[in-house]
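Read the figures in this text as sums done on the coordinates, not as results from a lab. Please read all numbers here as calculations on a predicted model, not as lab measurements. Cβ coordinates were reconstructed from backbone atoms using ideal geometry, including for glycine residues, and neighbour counts include every protein chain displayed.
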Amino acid sequence: MKQLTVEEATKRLYEIANAEKIFIPYLTDNITKAVEMYNKIFAEEQVELYITRNRDRHFSPLDNYEVPKCPDCDIDMMIRVGGRDPETEILYKTVWYCLACGAEYYSDKTIEEWQNELPKRAKE
């Protein structure tokens, strides 16, 4: 699989989030089918979708930024676009989550807003 640029990855993440917002749970509960429908109806160009349950991450738009640490585990948190708080059913633009303990923190900020707020990582 080719490595995406930040712009390509951000575009794909927004397409997935939009597909979820438009089609789930109204027409399907399957994110792959939702993205396929979104691509057929709205996308300017068709993009391949590869979703894996493998926790080895390959790319994040925030790889070059200092990300928050999990308050419980003290490891770098991951971010995903779009999420619904299961307790309140409120939709959020981004979700910080911990791979180790499963903690989730919901935010109304976009990836771009996080990029503007977080400090860049020092080059190694």
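Can you bin segment 60-124 into rounded, prolate or oblate? Criterion: square roots of the alpha carbon gyration tensor eigenvalues sorted a ≥ b ≥ c, rounded for a/c under 1.5, prolate for a/b above b/c, oblate for the rest. Oblate is the answer for segment 60-124, as a/c is 1.5 or above yet b/c matches or exceeds a/b.
Peptides 107-119, 73-85, ordered by how many other C-beta atoms sit within 10 Å of their residues on average, highest first, read 73-85, 107-119.
Computed FRET efficiency, Cβ-Cβ of Lys69 and Ile90, R0 25 Å: what is it to the nearest 0.05? Once the sixth-power term is evaluated, E becomes 0.50.
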